[in-house]
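Have a look at the structure below before the remarks.
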Amino acid sequence: MTTAVLTDHERTAVQAYLRLLHTVRAGVDTGSDPDAPKRPPVVPPSVLAEAEQALEAAGLAGNEEAFFRLLRNWCPPT
């Protein structure tokens, strides 16, 4: 496995993205009731703004390919 050494800005961007991802997942989770009505996820603007600022500070805004490569190297799928 490759080990990525992230800058502080890159680490902050990855962490902000993961918080955003967990927030969205929690918003779409219907629990154990598969018949529960589907609703769009509600993402607090502050969570989205945090992720956008972190990406901008890391120089990754608009460069999804580089960001997701960084994310895969730092936090590989299990």
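Within the range 41-71, the set of residues being under 19 Å from residue 22 (Cα atoms) and not in a helix (DSSP H, G or I) comprises 41, 42, 43, 44.
Counting residues in the range 4-26 that are open to solvent by 80 Å² or more (accessible area, probe 1.4 Å), assigned to a loop (DSSP other than H, G, I, E, B), at pLDDT below 85 and closer than 22 Å to residue 64 by Cα gives one or more.
The values are calculated or read from the model by the stated rules, or taken from the named source; none is laboratory data. Predicted, not measured: the structure shown is a model, and the values here were computed from it. When the accessible area is computed, the model is the full protein with side chains, heavy atoms only, and any ligands, DNA or RNA have been set aside. Shrake-Rupley method; radii C 1.70, N 1.55, O 1.52, S 1.80 Å.
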